[in-house]
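Participant: Quick one: the structure is below, questions incoming.
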Amino acid sequence: MTDTNTNMRLKLPITCFILEIILIILFGVLVEYDKETDARKWHHSNHSEYDNDFYYRYPSFQDVHVMIFIGFGFLMTFLQRYGFSSVGFNFLIAALALQWATLMQGFFHGMHGGKIHVGVESMINADFCTGSVLISFGAVLGKTSPVQLLVMAVFEVTLFAVNEFILLSLLGTKDAGGSMTIHTFGAYFGLMVARVLYRPNLHKSKHKNSSVYHSDMFAMIGTLYLWMFWPSFNSAITAHGDDQHRTALNTYYSLAACTLSTYAMSALTAHDGKLDMVHIQNAALAGGVAAGTAGEMMLTPFGSMIVGFLAGIISVLGYKYLSPILESKLKIQDTCGVHNLHGMPGVMGAIVGAVTASLATKEIYGDGLEDVFPMVAVDKKSASYQGGIQAISLAVTLGMALGGGLLVGFIMKLPIYGAPSDASCFEDSIYWEVSSKKLLETSKLCICPQPKKHCNYTIGYVKFKIQTSLLQTEQCLILPQDGSISPTSRCQRRLYAHS
Amino acid sequence: MTDTNTNMRLKLPITCFILEIILIILFGVLVEYDKETDARKWHHSNHSEYDNDFYYRYPSFQDVHVMIFIGFGFLMTFLQRYGFSSVGFNFLIAALALQWATLMQGFFHGMHGGKIHVGVESMINADFCTGSVLISFGAVLGKTSPVQLLVMAVFEVTLFAVNEFILLSLLGTKDAGGSMTIHTFGAYFGLMVARVLYRPNLHKSKHKNSSVYHSDMFAMIGTLYLWMFWPSFNSAITAHGDDQHRTALNTYYSLAACTLSTYAMSALTAHDGKLDMVHIQNAALAGGVAAGTAGEMMLTPFGSMIVGFLAGIISVLGYKYLSPILESKLKIQDTCGVHNLHGMPGVMGAIVGAVTASLATKEIYGDGLEDVFPMVAVDKKSASYQGGIQAISLAVTLGMALGGGLLVGFIMKLPIYGAPSDASCFEDSIYWEVSSKKLLETSKLCICPQPKKHCNYTIGYVKFKIQTSLLQTEQCLILPQDGSISPTSRCQRRLYAHS
Amino acid sequence: MTDTNTNMRLKLPITCFILEIILIILFGVLVEYDKETDARKWHHSNHSEYDNDFYYRYPSFQDVHVMIFIGFGFLMTFLQRYGFSSVGFNFLIAALALQWATLMQGFFHGMHGGKIHVGVESMINADFCTGSVLISFGAVLGKTSPVQLLVMAVFEVTLFAVNEFILLSLLGTKDAGGSMTIHTFGAYFGLMVARVLYRPNLHKSKHKNSSVYHSDMFAMIGTLYLWMFWPSFNSAITAHGDDQHRTALNTYYSLAACTLSTYAMSALTAHDGKLDMVHIQNAALAGGVAAGTAGEMMLTPFGSMIVGFLAGIISVLGYKYLSPILESKLKIQDTCGVHNLHGMPGVMGAIVGAVTASLATKEIYGDGLEDVFPMVAVDKKSASYQGGIQAISLAVTLGMALGGGLLVGFIMKLPIYGAPSDASCFEDSIYWEVSSKKLLETSKLCICPQPKKHCNYTIGYVKFKIQTSLLQTEQCLILPQDGSISPTSRCQRRLYAHS
């Protein structure tokens, strides 16, 4: 299927080249090695090689990196005809976003003599920001062109950095695993974009907006990598020592409890008691999202498990009952259900974080209070002040996300990016070379109804007699073929094949 | 396919909720952070952040975690119609088992003032115990309901912890990579359960108890992750320094040699010299199992390679010649062949460990003897005493596994868990929502024989003439379809479709 | 499909057993633990456990290990009917190569009292050498028997070790990520082997030398793991501290920029602007190859991004325009396009390394100069001398690769290894057990033309009428089946089925 409008021959190269050249120039002007990656600076001071932050954080960084590219990428391959785009556009926008995020975060989080310093911590932070963009991608999956996504990434990264700056630098919020900055922001930003890009006639491509057996298997690869490495995600930038250790542990228990409640709720909400792959692939991860803020605190394994347990329940209920309402009432077509995986669990995580923070005492944290709550330990603010800050941060994040999503949604709505038509959503072949050979398994034969008639069709060299009189509307029949469907002469007009 | 008996709508949620709530309560009462994850305790003492065990063990933990969820999960997806269950039930029972194992192992391995201490080491140990349950899962794969598996997990984890306590704490056995505690125990426990759950009429679902091309590809993901990360598995809880380093190295060589002998034996035992995916997926891993006990000892690369080389040979021979006998003579239907991958190589690993231990001298180990054999170095026992202990431990493990499996098998045999019927084994659609769309590739049209007749059938809107006179017995024909197979009126009774 | 010539029943076991037994004997005689893996030696000296190189390098080793077995293995599964062989032969030859490489590299890089010392660094180096063999495998993918590949591995590893010895030990070349030693060597060696093994009639299996939808999805798993872990690859054996840190950072930026230019070029070079999976799967990795030499130097993020940006452009252009010329003019049938992914970007990386080295100053590197350029810092050679050495090293590598490939190509051409016929290339079923069930999706019905005629064929129990008069030449029709295609009697001679 080729469409002049969706032709990316000039739009995509121009966008990529311009963005990358701008990035390269800005990196040339603004970026330099930090003291742990610069040969001269590192060797200037006296320390053990092991003091290099690389050894504290690089294994966590690689786990996060896998979550971004394999985790998010494959989680979205559940769509039957959108695997190339899911994993491929995920790859493209992540590669852009992490570069742009390095600049934006570097700019907002403090320049060093006019220079942005980079090292393993900036790599992790850039991947975090990228994760937020990919969450928004999940809300609009299948309905956008790659150019549109690149535009979204540029704006969203910028707003993410502003929001993160307000929270972490101005307010002194704690949000190591990003329940607010990453998940809440990414989800509500993406939902608002989806609202602005609402397609009333999306039902035209409804038959492709679902999974097949193998696509669900590929999606489970994404799910499991997200699940396994979430402890690394939440702990990647917490303080060295007990903080990283504790955060990983809390997240691990939250996820385990969440998995049990997800399976329970999935079976319970199905009339025949059958498990739904959508729930398993997504809701089982809500425990990681919900432990994103409080994970580094003294949440205890007990508290972590309660959080995860409730997150799984909320998430499945969201998929089952809330998503249809969002679509029908609020006109938000949330392809991956990011509201259920990132939105509600993110808000929950923010609330849990606020409550846990407000209960912090010197007695519980000892000298470790300084690492977790420097505002309480050093600036002598009360714990309930910290809790209040956490709650305010959630409100700020929601405001930034919804306002930003509204604005960026309208920018994305401009008819210049080559977005797919309603009928060609959720379809790889408009943006990717998919040979006829590749269509073997899912090629379709579409026939128009005609009363009291039948037609002979030839697939390859096999003749079929199609009872067109049985048809009510145009119908598509999925048939195996070698790419050469050809009708016999007399019914030719009524038959066409598409991928 | 819906069956009242296998309906999980109440059974699964009730089981999951009860178990998880019990776990949460017990965690609330019994579990607290260890001194490396607790903010107050960690900051109380004076040390470098790097002394935190997190940095010694967390990368290994994550590798083990991948083995448990991706490795075991995908290894079992080789079945053509059981991918959702393989990876999904693996996910469910692992999430349960690791929580329960934390409690059981914490209880048996020593409480601290009535509290179980948790940290990265308890996380690794819990994952290890979970691995044992997943091995047993492999033996009964396709023939059990998720509730049955959860029940098995609860009991098996408990018995695992008892056996581990006897070996490591009472006897002073060395078994870092768990040739005995994990592999031998898990395999023989599972085999005994499979024996008790023997299904004489399993041939009814024989056509689904095999792989297809893509399912074998998914299984290779599992195989390779197990293979690559096995050095981390065996070294994850060995002593810091040379011990972790040496264990990883030994395992790496054992696996490499095992791979060569596996390929050789697979071609050699096939009449046409063709390699069998079953062998490559499984037997190539036997070298990791067999190096589980002796891996931390001064086995040398030379010794490791001999061990791996032999393990591969034994394992392929087991798949080829022993498994059919186990099924026909001993009535053990071992779906994944865990006897060949974990059983025999586990026993071999235990014996290699006993021999290697009995040869330990102060000359070889130097001051490192204390790390590897504290009983010899500190308690002044002889090396041959240690060797004897190792051999006794194998016998204890076999006894615990077979006795435990017998008991738990009978508990699992109670007709209350919604186990599948003989004809619906190895089939996802009894426990999972699998849309008709998803059945595209493997849907079946089943027809009863009828002498001197043919019938017309309509698949979608295409008519087929079926020669029922050619049929001897009820036969199934695999056909592509869009989920709407409908016979024309006159033959309606003789046609039904199932997934 | 069974062919006496390609029967591996004796050839493969004999080759594997002989090679592995030789390896075991040589390991027994020559290999011992290094001081960090040996219990006695490690405990002899006084140090912190953390000084053990295991903690500096093992996480990187595991990332490299994943690249070798999952990365290379799955990248090559893009072929529709060659997934078992791609991932399976990759597994086999890698398992052999890493053992042989340990010996060869140990021999050339310096024995210790007649012994080869092994530890995590030797494991990484062995995996690196294995990577080079797998690159060459990519050039001949689908056209060789496993025995032929094992023979290639033995010779290539040996020549790799010689070349590496000349560069790193004799000349003092810097090449931490192996732009020259691994990528350039592996690519040109493989291309020369492919040239010698040129098959003029390879078009006979042309229809299998392409991807299908799912095989491209599997290949993306390989691509992403290579992409994500390339920072670990390039930094795995650089000096501790800032060097490892900086190398990972540089590679990360190079890859990100490369991804953008790859997408841009892929759309730009397609007449309909559609992205080509071949480019995304391969060219997006060129940035890692091109940063292999200069990655550890003070290349700066800015420099790294320029390198990656250009590497992506060159690589896509190579796939689009150069590969067809290589095949038609130079008779090099490069299955995976290793010239575009490893060849040209490797040469580019070598040149970038030479230029960057020649610009090194004490001012830029400070005391870190000793780590990166010991020849400049300690031996007081000039930076331009180092640059010259780097350039000479590229020439040496190209010479070794092309000469070695020529020689080994002729050894591999001997008609004794059971290579596939031209018509059975790119086909798993000649070396692997692939049941008829497994053929479901791609089985073919082949029919000869016959003027003015039609024939009835029965697939299972469904009759088809084939219009043989429409056929011009023998044609194959892809049909679903249950493995039991049977023609009705009168046309029997003209019908045959193959996989």
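The values are calculated or read from the model by the stated rules, or taken from the named source; none is laboratory data. Values in this document were obtained by computation on a predicted structure and should not be read as measured data. Note: ideal-geometry Cβ built from the backbone for every residue, glycine included; neighbour counts use all protein chains shown. Quick note on the areas: whole protein, heavy atoms, side chains included, nothing else; ligands and nucleic acids left out. Shrake-Rupley method; radii C 1.70, N 1.55, O 1.52, S 1.80 Å.
Participant: So if R0 is 22 Å, what FRET efficiency would C:LYS115 and B:ASP53 give, r being the distance between their Cβ atoms, rounded to the nearest 0.05?
Facilitator: Computed FRET efficiency for C:LYS115 and B:ASP53 comes out at 0.10.
Participant: Ok, one more. With Cβ to Cβ distances under 9 Å as the rule, what net charge do the other residues near B:HIS112 carry (K, R +1; D, E -1)?
Facilitator: Once positives and negatives cancel, what remains is -1.
Participant: Which residues of the stretch B:349-384 bury at least 10 Å² of accessible area once all protein chains are present, versus their chain alone (1.4 Å probe)?
Facilitator: When all protein chains are present, B:GLU363, B:ILE364, B:TYR365, B:GLY366, B:ASP367, B:GLY368, B:ASP371 each give up 10 Å² or more of accessible surface.
Participant: Next question. If you project the alpha carbons of the stretch A:109-234 onto their three principal axes, what span does each projection cover, largest first, in Å?
Facilitator: 55, 33, 24
Participant: What is the stretch A:1-108's relative contact order, in percent, from Cα pairs under 8 angstrom and six or more apart in sequence?
Facilitator: 22 percent
Participant: Next question, about the same structure. How large is Rg over Rh for the stretch A:8-68, taking Rg from the Cα atoms and Rh as the Kirkwood inverse mean of 1/r across Cα pairs?
Facilitator: 1.18
Participant: Sticking with this structure for a sec: What's the local net charge at B:ILE389, with K and R +1, D and E -1, over the other residues with C-beta under 10 Å away?
Facilitator: Within the 10 Å Cβ shell, the charges total +2.
Participant: Ok, one more. Select from the stretch C:265-358 those trypsin sites (Lys or Arg not before Pro) which occupy a DSSP coil region and have at most 12 other Cβ atoms within 10 Å, ordered by residue number.
Facilitator: Answer by residue number: C:LYS329.
Participant: Once a ≥ b ≥ c are taken as the square roots of the eigenvalues of the Cα gyration tensor of the stretch A:67-123, is the result rounded (a/c under 1.5), prolate (a/b larger than b/c) or oblate (a/b not larger than b/c)?
Facilitator: On the way: a/c = 4.76, a/b = 3.34, b/c = 1.42.
Note, shape of the stretch A:67-123 comes out prolate.
Participant: If one takes the longest principal axis of the Cα atoms in chain C, at what angle in degrees, from 0 to 90 and to the nearest 10, does the Cα axis of helix C:11-30 lie?
Facilitator: Tilt of helix C:11-30: around 10 degrees.
Participant: Okay, next question. For a quick check: with amide H placed at 1.01 Å from N, whose amide H comes under 5 Å from A:LEU275's, ignoring anything fewer than 5 positions away on the same chain?
Facilitator: B:TRP432, B:GLU433
Participant: Next question, about the same structure. Based on DSSP H runs of at least 4 residues, each adding -39500 (n - 2.57), what is the mean residue ellipticity at 222 nm of the protein assembly as shown after dividing by all its residues, to the nearest 500 deg cm²/dmol? Walk me through the numbers before you get to the answer.
Facilitator: Values: 57 runs with 795 residues, N = 1497.
Estimated from H runs of four or more residues: -17000 deg cm²/dmol.
Participant: Then there is this: Quick check for you: with a 1.4 Å probe and neighbouring chains kept, what is the accessible area per residue of the stretch B:100-217, in Å²?
Facilitator: Numbers: 2910 Å² over 118 residues.
So the stretch B:100-217 comes to 25 Å² accessible per residue, rounded to a whole number.
Participant: Apply the Karplus curve 6.51 cos²θ - 1.76 cosθ + 1.60, θ = phi - 60°, to the phi angles in the stretch C:340-354 and return the couplings in whole Hz, x for Gly and Pro.
Facilitator: Rounded to whole hertz, the list is 7, 8, 10, x, 4, x, x, 4, 4, x, 5, 5, 4, x, 5.
Participant: Taking a cut-off of 21 Å, what percent of all Cα-Cα pairs in the stretch A:177-334 are separated by more than that?
Facilitator: In whole percent, the share of Cα-Cα pairs in the stretch A:177-334 beyond 21 Å is 52.
Participant: Work out from phi, with θ = phi - 60° and the Karplus expression 6.51 cos²θ - 1.76 cosθ + 1.60, the ³J(HN,Hα) of each residue of the stretch C:109-119, listed in order in whole Hz, and give x for Gly and Pro.
Facilitator: Karplus-based 3J(HN,Hα) across the stretch C:109-119 equals 8, x, 7, 10, x, x, 10, 8, 9, 10, x Hz.
Participant: To the nearest 100 Å², how much accessible surface do chains B and C cover up together, summed over both, with a 1.4 Å probe?
Facilitator: Answer for the B-C pair: about 7700 Å² buried.
Participant: Moving on to the next point. Under a plain spin-label model, where a point goes 7 Å from the Cα along Cα-to-Cβ, how far apart in nm are A:ASP367 and B:LEU359?
Facilitator: Going from the A:ASP367 label point to the B:LEU359 one covers 4.9 nm.
Participant: Determine Rg/Rh for the stretch B:387-439; Rg is computed over alpha-carbon atoms and Rh is the Kirkwood hydrodynamic estimate from the same atoms.
Facilitator: So for the stretch B:387-439, dividing Rg by the Kirkwood Rh gives 1.31.
Participant: Using 10 Å bins from zero, what percent of all Cα-Cα pairs in chain A falls into each bin?
Facilitator: Once binned at 10 Å, the Cα pair distances of chain A give 4, 18, 28, 23, 14, 7, 4, 1, 0, 0.
Participant: Hey, if you drop one equal point scatterer on each alpha-carbon of the stretch A:50-155 and run the Debye formula without solvent, what base-10 log of I(q)/I(0) do you get at q = 0.15, 0.19 Å⁻¹?
Facilitator: -0.64, -0.92
Participant: Another question about this same structure. What is the Å³ per residue value for the convex hull set by the Cα atoms of the protein assembly as shown?
Facilitator: In the protein assembly as shown, the Cα convex hull volume per residue is 162 Å³.
Participant: Note down the net charge around A:ALA350, summing +1 for each Lys or Arg and -1 for each Asp or Glu among other residues with Cβ under 15 Å from its Cβ.
Facilitator: Result for the neighbourhood of A:ALA350: -2.
Participant: Additional query: Past the 18 angstrom mark, what percentage of all C-alpha to C-alpha distances in the stretch A:126-178 do you count?
Facilitator: 36 percent
Participant: Please work out, to two decimal places, the log10 of the ratio I(q)/I(0) at q = 0.11, 0.14, 0.18, 0.24 Å⁻¹ from a Debye calculation in which every Cα of the stretch B:1-106 carries one identical scatterer.
Facilitator: Each listed q maps to, in turn, -0.56, -0.82, -1.09, -1.28.
Participant: Expressed as a rounded percentage, what relative contact order does the stretch B:283-408 have, with Cα pairs under 8 Å and six or more residues apart?
Facilitator: Here the relative contact order equals 28 percent.
Participant: Using the Karplus equation 6.51 cos²θ - 1.76 cosθ + 1.60 (θ = phi - 60°), what ³J(HN,Hα) coupling, rounded to whole Hz, does each residue of the stretch A:86-101 give in order, writing x for Gly and Pro?
Facilitator: Result, rounded to whole Hz: 4, 7, x, 6, 3, 4, 5, 6, 5, 4, 6, 4, 5, 6, 5, 5.
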